[in-house]
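This report refers to the structure that appears directly beneath it.
The values are calculated or read from the model by the stated rules, or taken from the named source; none is laboratory data. These figures come from a predicted structure and were not determined experimentally. In this analysis, Cβ positions are derived from the backbone assuming ideal geometry, glycine residues included, and neighbour counts consider all displayed protein chains. With ligands, DNA and RNA removed, areas are computed over all heavy atoms of the protein, side chains included. Shrake-Rupley method; radii C 1.70, N 1.55, O 1.52, S 1.80 Å.
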Amino acid sequence: MDSLYEGVTVSEVSIDGIRLRVAQSGSEINTGRLLLIFNGIGANLELFFPLMERLLPRKCLIFDAPGAGGSSIPTIPQRFKGLAQLSAHLLDHFSVDQADVIGVSWGGALAQEFAYRHPQRCKRLILAATSPGAVMVPGKLSVLLKLTNPKRYFKRHYLRSHVHQIYGGIFRDRPALIDEFTDKVMAPDSKLGYYWQLYAALGWTSIHWLHQIIQPTLILAGNDDPIVPLINARIMRLRIPDSRMVEFDCGHLFLFTRVDEAASVILEFLNEGEEE
């Protein structure tokens, strides 16, 4: 079916026995190099539609993680290793050999895992509002405790009341933007999928192999991020050999709140890869 955003279409595919809800934008997926998007924990793909629209005509592919948004809940939970393999099989489904990859927050950890375990399938890597995992410099305890519970996805009034505390940045003084964001949030069928995503990240860290990331890497971070403090981006910048960092004057969700600025930075980085 068609989305409300220009050039973005939504459909379902079956990968490894899991029904995945996917969205595509740009020209035909199986021609040229696309941008594969890994979303944050519990998040549905609609939250990325504004960015995907601004990246047109570049091809983008995003999917709701198993148990999130409109994707089915697997019987057995997967770690990031298994989810990276699932992602590779999704590229196989669309006959894509290699893609650029962007991951935000929880999806940034998955993006690191994908780039590490499937280096030939990842051309360039973008890590947004993310960290090296278990050894990260933690955010605010009150916020992290809220993240262990998917309540914000099931109680709209709760999300509206706490979005500025959880995500920081310009949400703090832009009520209209809070409404725009919360209106796009979609609750999954069950809380179980959210807990499966927490399980994927439990104890995971990339700190000991970040130096083996071979892809040119763009690290994006907000300087008012209550979840992932800015220092984590600086640590990754030091650990990943071919990396650079861009700081946004915003919070955790700058890809949504600073979408025009973010799209410009991302396109500049990806266009460099077109020349390689």
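Numbers for the structure displayed
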{"read-out": "Pairs with Cβ under 7 Å, 6+ apart, first in the range 125-142 and over 16 Å from Gly40 (Cα atoms), second open to solvent by 10 Å² or more (accessible area, probe 1.4 Å) and outside any loop (DSSP other than H, G, I, E, B)", "value": "Ala134/Thr205; Val135/Thr205; Val137/Ile231; Pro138/Leu144"}
{"read-out": "Residues located in the range 247-267, provided they are part of a strand (DSSP E or B) and open to solvent by less than 10 Å² (accessible area, probe 1.4 Å)", "value": "Phe248"}
{"read-out": "Arg237 being among the basic types (Lys, Arg) and free of Cβ contacts under 8 Å to residues at least 24 places away in the same chain", "value": "yes"}
{"read-out": "Residues located in the range 247-276, provided they are closer than 18 Å to Gly168 by Cα and in contact with a helix residue (DSSP H, G or I) (Cβ under 7 Å, 6 or more places away or on another chain)", "value": "Phe248, Cys250, Gly251, His252, Leu253, Phe254, Leu255, Phe256, Thr257, Val259, Ala262"}
{"read-out": "Test: Asp260 is more than 15 Å from Gly40 (Cα to Cα), among the acidic types (Asp, Glu) and either in contact with a Leu (Cβ under 8 Å, 6 or more places away or on another chain) or modelled with pLDDT of 95 or more (or both)", "value": "yes"}
{"read-out": "Residue match in the range 183-206 (condition: at pLDDT 95 or above and acidic (Asp, Glu))", "value": "no"}
{"read-out": "Close pairs from the range 46-59: first in contact (Cβ under 8 Å) with a residue 40 or more places away in the chain, partner part of a loop (DSSP other than H, G, I, E, B) and among the aliphatic types (A, V, I, L, M), Cβ under 7 Å, at least 6 apart", "value": "Glu46/Met186"}
{"read-out": "Top-ranked residue of the range 118-127 - restricted to ones that are outside any helix (DSSP H, G or I) and of a type in the set (D, E, K, R), ranked as farthest from the chain's Cα centre (by Cα)", "value": "Lys123"}
